[in-house]
Structure formats: C-alpha cells, structure tokens
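Working notes for the structure below.
The values are calculated or read from the model by the stated rules, or taken from the named source; none is laboratory data. These numbers were taken from a predicted model, which means no experiment stands behind them. So basically every Cβ, Gly included, is an ideal-geometry build from the backbone, and we count neighbours across all protein chains shown. These accessible areas exclude ligands, DNA and RNA; they are computed on the full protein's heavy atoms, side chains included. Shrake-Rupley method; radii C 1.70, N 1.55, O 1.52, S 1.80 Å.
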Amino acid sequence: MIHFTCARCRRVIDAAQELRYVVRMEIEAVMDPIHEDEPEDDRDHLREIDEILERVDPSQIDAMGDDIYQNRRYDLCPQCYRKFTANPLARERKAVLGFSHN
C-alpha cells in the first residue's frame, strides 16, 4: 500500500477513507525583451541568453537551474486543501474589525 502524508500538516492521509488532493506547481523564469522597441518576431533569444550568461559568474551557472525552472508536487489532506485554496500565496490577511453602527 502506498503511504501519503500531507505536505502542509504532515498528517498521514488514509487514501481508503478520505480524499487526497494533489497540487502541482510549475515555476519558470520569464525574460522580458531587452530591447522593447524590437518586434517579438525579430528577437534573437539565443543572443539574449548568451548576454545574460556572460554577466553571470561561471561558478554560479550550475546553481541557476532551480532559479530558472522548478516543477513541484504536493499531497494535501482535505483540511489543508481548503486552507490552500482560500489563500494559495499565503498572504497575510488584514484583520477585519467589527465596529458597531451607532
């Protein structure tokens, strides 16, 4: 039997008794045009990449892999799934103050 654990609360998910939610995230670096006046069709993407790599220290090139692309997968229990969908970026919420209408 395959064992599943919630990536958020670390609780074991019993797949026979409850739903398990899979969240897949794909994160990629996106380059904006260096020369904004060039039409998109005229861009030389290889030249742009070469210009960026020339500015980077060669010892850092191997470490750039995770900065360019990541593909992640998380298992969530139903409670953590609801919390995730309510606030997927985990932004701090402003406190709502309940004032009376006197």
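Estimated at 0.36 nm per residue, the fully extended path between residue 95 and residue 50 surpasses their Cα-Cα distance by 11.4 nm.
Distance from the C-alpha centroid of the range 1-34 to that of the range 67-98: 11 Å, rounded to the whole angstrom.
Per-residue accessible area (protein heavy atoms, 1.4 Å probe) orders 54, 28 as 54, 28, starting from the largest.
If you sort 76, 46, 19 by accessible surface, 1.4 Å probe, largest first, the order is 46, 19, 76.
For the range 18-26, backbone phi angles converted through the Karplus equation (6.51, -1.76, 1.60; θ = phi - 60°) give residue-by-residue couplings of 9, 6, 10, 10, 10, 10, 10, 10, 10 Hz, Gly and Pro being listed as x.
Which part of the range 66-84 falls in the paramagnetic zone of residue 11, meaning amide N under 20 Å from the point 7 Å along Cα-to-beta-carbon? Under 20 Å, as judged by backbone N against the label point of residue 11, lie 74-84 of the range 66-84. Between residue 1 and residue 21, the modelled labels are 2.4 nm apart [label points 7 Å from Cα along Cα→Cβ].
For residue 81, the accessible area of its heavy atoms, probed at 1.4 Å with every protein chain present, is near 80 square angstrom.
For the range 76-85, the Karplus equation 6.51 cos²θ - 1.76 cosθ + 1.60, evaluated at θ = phi - 60°, returns couplings of 10, 6, x, 5, 6, 4, 5, 5, 5, 5 Hz by residue, with Gly and Pro reported as x. Per-residue surface analysis assigns residue 30 an accessible area of about 110 Å², computed on protein heavy atoms at 1.4 Å probe radius. A 1.4 Å probe, protein heavy atoms only, puts the accessible area of residue 3 near 130 Å².
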